[in-house]
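Shown next, in structure tokens, is the structure this report addresses.
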Amino acid sequence: MPSTNTPKRVIKVIVAAAQNNAIGRNSDIPWQLKNELAYFTKMTRTIKLPKDLQKENNQVTKDATYVYFGDKKKRVLNACIMGRRSWESIPLKFRPLNHRYNIVLTSNKDLLAKENSPLVAQAKDLDEALQLIDELNNNSHSDIYIQDVFAIGGHGVYKASMESPNQVELFLTRVQFPEADSCDTFFPEINSNIFSRQSFEALQERVPFEIQKGVVQENGLQYEYQLFLKS
């Protein structure tokens, strides 16, 4: 089985932020952009296997990908790492995020006490979450293998991910939002000495489906899909 014991795993930070880096208002997303939300869902759900996992006996359906490691069949999922508030902001009927491995960062041991889904786990911080993923991937008895790791919010998770020693790919949807000043939650400042914006072509290479180049118009707002990489 491929080993994931590496101190520099790629963390894919994915966020929609206004021109002032606003990402939330009153514990909710401050805009309604159906297509942008679909981009987030498809990005975090789609499995893009590396060459060493592309095998003839793989089983791929619309909603699931299975890979054999020897005689052991494992379901391949992407992990979504989030904070407690982000977890609690997801409506109950959509929790946990389906077809993804949900990791909630919290010190509250009782937060997930009533969760019985095998696709939900808890960690105290980002490092413990990444360690959990490594242990899961290297456990020969596990039925799950984690492919991509996404940091999906909120501010604390984003900050820890951006400042971590890991490789970071920032998938930013920059939203031009007239009411941005009324928001109360913000994405960390993007340090231009560390992160550099990439071309649309570089972004499209990393997105496993076709996206629109340039400004997108939706629901009276404009936004653009962007990619930043750590230098």
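Every number in this text was worked out from the coordinates using simple rules, so none of it is lab data. These numbers come from a predicted model, not from an experiment. FYI the Cβ positions are ideal-geometry reconstructions off the backbone, even for glycines, and counts take in every protein chain you see.
Quick notes on this one:
- Rounded to whole Hz, the Karplus (6.51, -1.76, 1.60) HN-Hα couplings of the stretch 11-28, x for glycine and proline: 10, 9, 8, 10, 7, 10, 9, 6, 4, 9, 6, 5, 10, x, 8, 6, 6, 8
- Note that the stretch 160-231 shows a convex hull volume over its alpha carbon atoms of 116 Å³ per residue.
- Over the stretch 13-65: Kirkwood hydrodynamic radius from C-alpha pairwise inverse distances, Å: 14.0
- At R0 = 41 Å, FRET efficiency that the Cβ-Cβ distance of residue 108 and residue 19 yields, to 0.05: 0.75
- Aspartates and glutamates with Cα under 15 Å of residue 55, excluding same-chain neighbours fewer than 8 positions away: 71
- Percentage of interatomic Cα-Cα distances in the chain larger than 32 Å: 18
- Length gained when the stretch residue 190-residue 63 is fully extended (0.36 nm per residue, less Cα-Cα span): 42.3 nm
- Computed from the C-beta positions of residue 48 and residue 116, the FRET efficiency with R₀ = 22 Å rounds to 0.15.
- Degrees between helix 34-45 axis and first principal axis of the chain (Cα, 0 to 90, nearest 10): 30
- Sequence-distant residues sharing a close amide H with residue 122 (under 5 Å, placed H): 104
- Members of 34/159; 12/124; 34/93; 51/114 lying beyond 29 Å, as alpha-carbon distances in this model show: 51/114
- Legend: translational diffusion of the stretch 101-142 by Stokes-Einstein, Rh = Kirkwood radius over C-alpha pairs, 4 °C, 1.567 mPa s; D = 119 µm²/s.
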